[in-house]
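The values are calculated or read from the model by the stated rules, or taken from the named source; none is laboratory data. Everything numeric here is computed off the predicted structure, so don't read it as measured data. As a convention, Cβ positions derive from the backbone with ideal geometry for all residues, glycine included, and neighbour counts pool all protein chains shown. The accessibility values were calculated without ligands, DNA or RNA, using every heavy atom of the protein model including side chains. Shrake-Rupley method; radii C 1.70, N 1.55, O 1.52, S 1.80 Å.
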Amino acid sequence: MSADDLNIATAVAVLIRGGVLAYPTEAVWGLGCIPFDGEAVHRLLAIKRRPVGKGLILVGSDAAQFDAVVDWSALDARALGRVRASWPGPNTWVLPARTSAPAWITGGRDDIAVRVSAHPVVAALCSRLGA
């Protein structure tokens with residue numbers, strides 16, 4: 001196991017325990033947690049001093065990781081093709097949210113911001129986490 005693998009494993013363990021961590025992305029450092037852990041998200045929002053109504057950007061290593069929160073069926077074939085062709089990469093899309101998407105992620109709106117990151121650290125974290 002390399003040092004990078006060990007660091008990813010340690011970061012994943014922190015996230016699974018409800019932690020918040022800083023990680024590099026394509027442009028800036030981000031703060032993140034497991035988005036379906038409401039307590040962790042509220043801790044993240046408190047750290048950032050960000051109101052829940054603003055919503056969050058979800059990052060993943062694969063578009064399928066957003067299946068539980070994005071209503072892909074609301075997009076026509078052309079729009080879906082544009083989204084998928086832009087990933088992985090630094091492109092964030094605001095897409096229709098499933099009604100099951102937690103309000104602490106969407107900010108209570110009917111859309112959600114998502115990105116499949118090309119950054120190796122983010123991709124490794126999301127891939128190892130499966131979310």
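Would you say residue 47 is exposed (fewer than 15 other Cβ atoms within 10 Å of the Cβ), β-branched (Val, Ile, Thr) and modelled with pLDDT of 95 or more? Yes, satisfied. Residues in the range 84-131 that are basic (Lys, Arg) and farther than 18 Å from residue 32 by Cβ: 84, 98, 109. No other residue among 57, 34 is open to solvent by 60 Å² or more (accessible area, probe 1.4 Å), among the β-branched types (Val, Ile, Thr) and in contact (Cβ under 8 Å) with a residue 40 or more places away in the chain apart from 57.
Within the range 82-128, the set of residues being touching a residue at least 60 places away in the same chain (Cβ under 8 Å), farther than 18 Å from residue 45 by Cβ, open to solvent by 60 Å² or more (accessible area, probe 1.4 Å) and assigned to a helix (DSSP H, G or I) comprises 127, 128. Confirm whether residue 62 is out of contact with any His (no Cβ under 7 Å at 6 or more places or on another chain) and without any contact (Cβ under 8 Å) to a residue 24 or more places away in the chain. No.
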